[in-house]
Amino acid sequence: MTTPHIPDAEELEALRQRYRIERERRVRPDGIRQYRATEAEFGYYADDPYTEPTEREPLRDTVDVAVVGGGFGGILAGARLRQRGVERIRIVEKGGGFGGTWYWNRYPGVHCDIESHVYLPMLDETGYVPEWKYSPGEEIRRHAVRIARKFSLGPDALFSTGVTSLTWDEASEAWIVATDRGDAFRATYVVTATGTLSEPKLPGIPGIEEFEGHTFHTSRWDYAYTGGTPEGGMTGLAGKRVGLVGTGATGIQVLPKLAEDAGHVLVFQRTPSTVDVRANRRTTAREVGADREGWARERRDNYLRIVSGEPAGRDLVADSWTRSAVLLEKLLPSFRRRGDRKDFEAAYEAADAAKMNELRARVAACVTDPGTAEKLKPWYRYACKRPAFSDTYYPAFNRPDVTLVDTADTHGIERVTPHGVVVGDTAYGLDCLIFATGFSVGTSGVLSGKLPVHGRGGTQLLHRWAQEGPRTVHGFTSHGFPNLIQMGTLQNASSVNFTHILDEQAVHVAALVAAAEAEGAVIEPSREDEAAWIATLAEDAPDHAWFHAECTPGYYNREGRGRPNGPNAYPDGAFAFHELLGRWREESMGRVLRARASADGGSSRRRGLSRGAQAPGPR
Ligand code: NDP
């Protein structure tokens with residue numbers, strides 16, 4: 001690697017000014033209100049194009065654990081619970097199969113942009129070794145199914161089913177799980193694993209409902225219309241003029257495939273992404289050391305250490321993510337811990353500028369038309385937007401049948417007409433309009449209010465949190481909501497390798513349930529436990545607000561409004577958080593266990609399930 005040129009004070013000041021101008025060009029007064037949910041008249045954008053729901057009778061039975069969500073979070077929770085000997089695990093999933101985001105996102109070119117060998121969970125347990133450094137989406141979806149199969153999660157699962165409410169029944173000390181298919185079954189424990197970016201959103205462009213051509217969202221790719229597969233071969237697009245709205249991580253993966261098959265592609269860009277080197281290639285089991293026991297765990301831990309700013313020794317993955325990790329301030333809490341904050345920020349800004357200069361130079365090197373290259377250059381700090389990676393995105397703009405339409409000055413497409421779209425003075429005729437416009441943040445599951453949770457005495461979780469702010473222990477459990485365990489980032493931890501976070505959460509979920517079963521207890525923290533955790537989060541909470549306030553708008557900063565106030569995640573990062581959780585399980589887990597009102601103990605024992613099956617799970 002060559003040493004980057006670190007800009008001097010004058011260059012930095014010039015960049016700051018340029019970033020300010022670009023931000024001001026993009027901020028819209030309507031912020032997150034500019035988007036439309038894929039509901040009601042736009043509900044068809046969120047329909048499942050892959051599976052026809054099958055008829056079935058509503059269920060009224062009882063299970064040990066209900067898991068809301070069949071993505072990697074729910075599957076891993078199921079797998080780790082199974083390892084602890086839990087028998088009746090019912091995953092309830094809106095989609096027609098397992099996989100979550102990888103079930104829904106089947107657009108052409110879909111790949112994981114985190115290295116497969118650290119992203120795909122349970123490789124040690126399933127014996128699977130990915131073939132590519134970055135797996136195609138279908139391989140990932142199949143791996144989700146592989147885990148579900150290995151741990152027999154399919155037979156009890158309910159697909160094409162949405163949970164509509166959770167109600168704690170004091171008399172039976174169980175949750176009543178109601179769904180949109182008329183189910184009302186009981187579960188001793190409920191685990192929510194509803195994901196963070198699962199509801200597709202549309203831009204609220206005037207006239208969007210008037211378009212007479214074909215239209216869909218990338219997370220519901222309409223292969224019936226385009227033909228082909230995620231590998232390409234979309235013969236249905238031959239000769240068609242296709243509009244692609246959005247140039248985030250999704251749009252960047254879609255364009256090269258679309259360009260191969262469509263008559264002409266018009267890319268409507270508002271803010272360019274950073275697009276770094278991908279360098280995907282086939283890998284061998286030998287080079288990743290897959291002949292050694294525990295190889296995948298070791299690699300995954302090494303990756304998390306690096307992107308969390310912890311000392312790691314060797315960089316096993318060695319890709320654009322790990323090489324850029326020193327720039328990802330929000331992933332570098334431990335760096336901040338070590339030095340003087342001002343020094344850190346100055347050094348960080350300079351390194352950030354060096355990286356962004358390198359990425360802007362990459363555009364100029366890859367795109368032959370200087371005008372197009374200029375429009376594709378990103379002018380903001382590196383962590384303002386989710387970085388993207390591709391070696392085929394920029395070259396697609398060198399094709400005569402791909403046109404970039406910059407919409408920054410008009411805050412996006414201004415109007416949709418029956419036959420196309422309007423930007424400035426120009427009307428662009430289109431046969432097909434594809435929205436790669438992302439997902440609503442925090443609008444699925446418990447936090448959205450669409451899944452009401454009624455705890456002890458009928459108290460609704462979100463009503464309580466609206467009054468007191470979110471209150472949990474480690475993000476998982478809350479007072480007044482016994483045996484409810486939430487998976488997610490709130491008051492927990494996050495990382496770019498999100499499946500790793502989910503697996504650590506799943507291990508924790510299973511340990512909590514196993515301990516409650518062993519003690520004949522319910523899981524419920526006290527108000528003091530919640531207060532203690534919130535105080536820990538607040539103690540060293542970094543102030544990210546200044547950083548996000550200066551960023552271009554996007555879902556990272558609530559469209560330019562900065563982050564919501566208040567402690568959100570563990571301040572010292574995911575790696576330290578997992579160590580803390582491990583110690584807590586060893587020393588303090590008993591604090592959140594309360595005696596059951598009924599004397600006969602846990603659900604498994606009531607049905608005579610083997611407690612011997614509580615084999616020690618992973619840490
Ligand atoms: P994003 O929210 O990142 O991008 C949405 C895009 O739509 C942006 O370019 C946005 O522009 C644009 N847009 C929105 N409204 C308009 C409008 N009115 N006119 C023109 N453009 C508009 O969504 P993605 O689906 O790309 O990515 C979401 C997340 O999913 C990623 O951040 C990542 O976490 C994950 N992902 C992960 C992948 C992986 O491989 N692991 C692959 C793909 C996605 P602007 O920026 O100006 O708002």
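Couple of notes before you dig in:
- Residue check, Ile114 within 12 Å of the ligand (Cβ to nearest atom) and either part of a helix (DSSP H, G or I) or in contact with a helix residue (DSSP H, G or I) (Cβ under 8 Å, 6 or more places away or on another chain) (or both): yes
- Taken over segment 275-300, residues that are of a type in the set (S, T, N, Q) and in contact with a Lys or Arg (Cβ under 7 Å, 6 or more places away or on another chain) amount to 2.
- Inter-residue pairs, beta-carbon under 6 Å, first in contact (Cβ under 8 Å) with a residue 40 or more places away in the chain and in segment 450-471, second assigned to a helix (DSSP H, G or I), 6+ apart: Val453/Val446; Val453/Leu461; Arg471/Glu530
- Residue check for Val405: touching an Asp or Glu at 6+ places or on another chain (Cβ under 9 Å), at pLDDT 95 or above and either in the same structural domain as Thr472 (by TED's automatic domain parsing) or not in a loop (DSSP other than H, G, I, E, B) (or both): no
- Scoring Ser165 on the criteria (1) within 16 Å of the ligand (Cβ to nearest atom); (2) within 27 Å of Gly458 (Cβ to Cβ) leaves a single failure, condition (1).
- Long-range neighbours under 7 Å by Cβ, at least six apart or interchain, first residue assigned by TED's automatic domain parsing to the domain that holds Phe435 within segment 240-259, second aliphatic (A, V, I, L, M) and near the ligand (Cβ under 6 Å from one of its atoms): Leu244/Ala436; Val245/Ile413; Val245/Ala436; Gly246/Ala436; Gly248/Ala436; Thr250/Ala436; Gly251/Ala436; Val254/Ala436
- Test: residue in segment 527-542 that is at pLDDT 95 or above and in contact with a helix residue (DSSP H, G or I) (Cβ under 8 Å, 6 or more places away or on another chain): yes
Let's see how each residue does on (1) in contact with a Leu (Cβ under 9 Å, 6 or more places away or on another chain); (2) near the ligand (Cβ under 9 Å from one of its atoms):
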site: Val245; (1), (2): yes, yes
site: Leu258; (1), (2): yes, no
site: Pro272; (1), (2): yes, yes
site: Val275; (1), (2): yes, no
site: Arg278; (1), (2): no, no
site: Thr284; (1), (2): no, no
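- Of all residues making up segment 1-44, the number that are out of contact with any Pro (no Cβ under 6 Å at 6 or more places or on another chain) and assigned to a helix (DSSP H, G or I): 26
- Some residue of segment 410-431 being on the phi < 0 side of the Ramachandran plot, within 16 Å of the ligand (Cβ to nearest atom), touching a Pro at 6+ places or on another chain (Cβ under 8 Å) and among the hydroxyl-bearing types (Ser, Thr, Tyr): no
The values are calculated or read from the model by the stated rules, or taken from the named source; none is laboratory data. Quick caveat: nothing in here was measured; it's all calculated off a predicted structure. All Cβ positions, even for glycine, are placed from backbone atoms using ideal geometry, and neighbour counts span all protein chains on display.
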